[in-house]
Amino acid sequence: MNLTKKLLALLALVPGFVFANEGTFPLDRAPERSDIASLQNGAKLFVNYCLNCHSASSMRYNRLRDLGLSEDQIKGNLLFSGEKVGDMMKVAMRADDAKTWFGAVPPDLSVITRARASSAGTGGDYLYTYLRTFYKDDTRPTGWNNLVVPNVAMPHVLWQLQGVRTVKMVEEPDPHEKGKTVHRFAGFEQVTPGSLSQPEFDTQVADLVAYMEWMAEPTRDLRKRLGAVVVLFLSLFAFLAWRLNASYWKDVK
Amino acid sequence: MGAAFKETKLPADAPKSQKALAWVDDRFPLSKLWQEQWGRYYAPKNFNVWYIFGSLAMLVLVIQIVTGIFLTMHYKPDSNLAFGSVEYIMKEVPWGWLVRYMHSTGASAFFIVVYLHMTRALMYGSYRKPRELIWLFGFATFLCLMAEAFFGYLLPWGQMSYWGAQVIVNLFSAIPVIGQDLSLWIRGDYVVSDATLNRFFAFHVIAIPLVLLGLVAAHLIALHEVGSNNPDGIEVKENLGPDGHGVDTIPSHPYYTTKDFFGVSVFLLIYSAIVFFAPEMGGYFLEYNNFLPADSLKTPPHIAPTWYFTPFYSVLRATTSDFMWVVMAGLAAYVVFIWLRSRLSYKTKIAITVLAVLVEIGMLPQVLDAKFWGVVLFGSAVVILALLPWLDHSPVRSIRYRPGWHKAVYGVFFVCFLVLGYLGTQLPTATYTLIAQLATLLYFSFFLLMPWWSTMGRFKPLPKRVTWTAH
């Protein structure tokens, strides 16, 4: 039936109408870093740099065994202040202290890469860009600002690795409103060098982001591998069901 | 009083299973139920692909109930623990992630399947006499499904859960006089809170499913009482063969058992592909914002209900105070139209006019604001579906034998529904609102003018037998 086909074709188009870009700072694509060594490195960075202020309260330290780390390695390298290896990645900082010190409670990072996904990119892209676009801004209480989250409460935790940078802005006429101008980002200026070169730093951040993506859904790889088996099985099942049905209906006149 | 009880006597060497069945059948109509409801239920043999969605809806219902039971074992309906318990299910409960994805994908799959099931009914006139009650039971099931989805969506206690519930419950506060107290009563608190979560949990896991199951049973009993419609919309019971069954019918078992088997396998293939490869479905099935725990102090910039509610949500948002003048003009024109063109009795026309005048007064900005009427239109957009059996006056049931331009009318209606659905996921802009308003007008016109347009044009002659080519 012709109309039916047209309607079905229309339905097929629906998922294609994706959200338009919200017009924020364009996101870089996070490089694919899913090998075990990168994830282990990411875990180390996460525990060292993030876990002081942020929690990951649905994550157990010993889940890192899934990344090829032994319990002894976890105990020796990743537990600093008397946590047990079966503990959740909680944080000692109290919420109201955080509020006083930073003006905001640092969000729990368990599933942050899933929460930050949008039409502009995956949550990984968001974090990868966010962590690499801090710049020195003396008008802010922490002395740091960010291009992805303007006036962010979080300081540049990785500054020793990246070094100190300022940002160049140019004035441009506002495309949406005549007679007004907008600031447009025109590049960074390195003030003091960090301990890593820019490409090295990017790789470290990519590892960290890859770890956080893994942590948000540790079963993702299993899900996809299992999915392939299930889809294969169901394809076979569908084929048999199709032939079974045809053999019953061939006699119906 | 029936006949006295008599034990069925089978030969001593009859198989054990046969004896057991006879024993049960003497005490409970097991075989009879099976034969009446499926085994010897004669259905038209010309069902096409559109006829799979009823069975699929049953399948999804079972999936939702079974996965729901397992989720309930680990979920904590407590505002401090709910979000964490869902992550606990995702990360620590063995296979919890699979059960949760099956349930969340199942919710969207349920609506896709049910919307397609309803589309089928619309195209082939499956709600026409004598199937009005099947339609009404189905409609009530759809209402339950919407309630079930709404209550269930609060449970993960994410940002979108929280603010979605806040927005929808606040709609009730637009009702004059009782509104404020009513929304307070629904929430059990001044904002969505632990009390709200607990009662929504109760509704989601027991109250609504109980009603839902009863309605599905009624839907099926009514269907098997009057028999199925078919793509040609002709009555297969009017042309009986020597065996007393319709010449164009076929027993459901094994013919539709195997056909449904095939349909189910294709459905499961698509469903599994989503569960395993795209459970978030680009933020439509699991909204990104819902991976942030609920925060009563942080309103998200863009609150949108899940996709299956957005067509109706768009109607709500389209009802601005400017648009109310259009609605008022439309209502006035409709009443004039009824006086000129309707064959309703004089008394009914007077009653309609009085009611319309009262509503028009209510629509004045000095009386009730647009928000209230937005809620009314939002509800009406759903409820108007229930009236279809009495709005459709077409001499034929199926779209196959209607004038060509009727297909275009249906096409416009479906496009409006999809456009409203799409716009409901987007932030409103001036242009979008205008399009949504136009689509809203067309949506309601489709139903309200149906008594007239459905009778107009040249209808094709109905065949004596169903359209059928052997496989």
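The values are calculated or read from the model by the stated rules, or taken from the named source; none is laboratory data. Keep in mind it's a predicted model, so treat the numbers as computed, not measured. We place every Cβ from the backbone using ideal geometry, glycine too, and count neighbours over all the protein chains shown.
Quick notes on this one:
- Count of residues meeting criterion [outside any loop (DSSP other than H, G, I, E, B), among the basic types (Lys, Arg) and within 14 Å of chain B (Cβ to nearest Cβ)] in the stretch A:108-146: 1
- Qualifying positions in the stretch A:53-96 - among the polar types (S, T, N, Q) and within 19 Å of the chain's Cα centre (by Cα): A:Ser55, A:Ser57, A:Ser58
- Residue within the stretch A:147-154 that is more than 18 Å from A:Glu32 (Cα to Cα), under 23 Å from the mean Cα position of the chain (by Cα) and within 14 Å of another protein chain (Cβ to nearest Cβ) present: yes
- The set of residues in the stretch B:101-153 being of a type in the set (Ser, Thr, Tyr) and more than 10 Å from the chain's Cα centre (by Cα) consists of B:Tyr101, B:Ser104, B:Thr105, B:Ser108, B:Thr119, B:Tyr124, B:Ser126, B:Tyr127, B:Tyr153.
- Selection status of B:Gly424, within 14 Å of chain A (Cβ to nearest Cβ), part of a helix (DSSP H, G or I) and crowded, with 19+ Cβ neighbours inside 10 Å: yes
- Only residues that are of a type in the set (Val, Ile, Thr), loosely packed, with under 13 Cβ neighbours inside 10 Å and not in a loop (DSSP other than H, G, I, E, B) were counted across the stretch A:227-253, and they come to 1.
- Condition met for A:Val157 (within 30 Å of A:Trp101 (Cβ to Cβ), of a type in the set (Val, Ile, Thr) and either surrounded by 14 or more Cβ atoms within 10 Å (Cβ to Cβ) or away from every other protein chain (no Cβ under 14 Å) (or both)): yes
- Evaluation of A:Ser57 against the conditions (1) within 14 Å of chain B (Cβ to nearest Cβ); (2) within 17 Å of A:Arg220 (Cβ to Cβ) shows that the sole unmet condition is (2).
- Qualifying residue in the stretch B:427-440 (condition: outside any helix (DSSP H, G or I) and touching a residue at least 60 places away in the same chain (Cβ under 8 Å)): yes
- Within the span defined as the stretch A:211-226, every residue fails to be assigned to a strand (DSSP E or B), away from chain B (no Cβ under 14 Å) and in contact (Cβ under 8 Å) with a residue 24 or more places away in the chain.
- Meets criteria (part of a helix (DSSP H, G or I) and within 30 Å of B:Asn170 (Cβ to Cβ)) for B:Leu331: yes
- Of the listed requirements (1) modelled with pLDDT under 95; (2) more than 10 Å from chain A (Cβ to nearest Cβ), B:Val412 misses just one: (1).
- Total residues in the stretch A:161-201, condition within 19 Å of A:Thr139 (Cα to Cα) and of a type in the set (Phe, Trp, Tyr): 2
- Candidate set: the stretch A:227-245, residues that are aromatic (Phe, Trp, Tyr) and within 8 Å of chain B (Cβ to nearest Cβ); chosen: the one nearest to the chain's Cα centre (by Cα): A:Phe237
- Annotation note: of B:Ala294, B:Ala329, the sole residue that is of a type in the set (Gly, Ala, Ser) and crowded, with 21+ Cβ neighbours inside 10 Å is B:Ala294.
- Hey, A:Thr100 more than 28 Å from A:Ser38 (Cα to Cα) and of a type in the set (Val, Ile, Thr) or not: yes
- When B:Leu286, B:Leu269 are checked against the criterion of being touching an Asp or Glu at 6+ places or on another chain (Cβ under 6 Å), among the aliphatic types (A, V, I, L, M), closer than 30 Å to B:Val415 by Cα and within 11 Å of another protein chain (Cβ to nearest Cβ), a single residue qualifies: B:Leu286.
- A:Gly194 vs. criteria within 27 Å of the chain's Cα centre (by Cα) and exposed (fewer than 11 other Cβ atoms within 10 Å of the Cβ): no
- B:Thr258 vs. criteria within 12 Å of chain A (Cβ to nearest Cβ), within 21 Å of B:Leu145 (Cβ to Cβ), modelled with pLDDT of 95 or more and part of a helix (DSSP H, G or I): no
- Out of B:Ala278, B:Ala202, sole residue that is out of contact with any strand residue (DSSP E or B) (no Cβ under 9 Å at 6 or more places or on another chain), aliphatic (A, V, I, L, M) and within 11 Å of chain A (Cβ to nearest Cβ): B:Ala278
- Failed condition for A:Lys84, given (1) assigned to a helix (DSSP H, G or I); (2) away from chain B (no Cβ under 11 Å); (3) more than 27 Å from A:Leu161 (Cα to Cα): (1)
- Those residues of the stretch A:54-93 which are hydrophobic (A, V, I, L, M, F, W, C), over 17 Å from A:Lys44 (Cβ atoms) and surrounded by fewer than 15 Cβ atoms within 10 Å (Cβ to Cβ), in sequence order: A:Ala92
- Here B:Gly379 meets the list (1) under 30 Å from B:Pro301 (Cα atoms); (2) away from chain A (no Cβ under 14 Å); (3) surrounded by 14 or more Cβ atoms within 10 Å (Cβ to Cβ); (4) in contact (Cβ under 8 Å) with a residue 40 or more places away in the chain almost entirely, failing just condition (4).
- Filtered residue count, the stretch B:226-240, keeping only those that are surrounded by 20 or more Cβ atoms within 10 Å (Cβ to Cβ) and either touching a Lys or Arg at 6+ places or on another chain (Cβ under 8 Å) or assigned to a loop (DSSP other than H, G, I, E, B) (or both): 7
- All positions within the stretch B:8-37 that are in contact with a helix residue (DSSP H, G or I) (Cβ under 6 Å, 6 or more places away or on another chain) and either assigned to a loop (DSSP other than H, G, I, E, B) or at pLDDT below 95 (or both): B:Thr8, B:Leu10, B:Gln37
- If the condition is being of a type in the set (A, V, I, L, M) and surrounded by 16 or more Cβ atoms within 10 Å (Cβ to Cβ), then the stretch B:244-262 contributes only B:Ile250.
- B:Ser445 being of a type outside the set (Asp, Glu), modelled with pLDDT of 95 or more and in contact with an Asp or Glu (Cβ under 7 Å, 6 or more places away or on another chain): no
- Among the residues of the stretch A:35-49, those that are touching a helix residue (DSSP H, G or I) at 6+ places or on another chain (Cβ under 8 Å) and under 23 Å from A:Met93 (Cα atoms) comprise A:Gly42, A:Ala43, A:Lys44, A:Leu45, A:Phe46, A:Val47, A:Tyr49.
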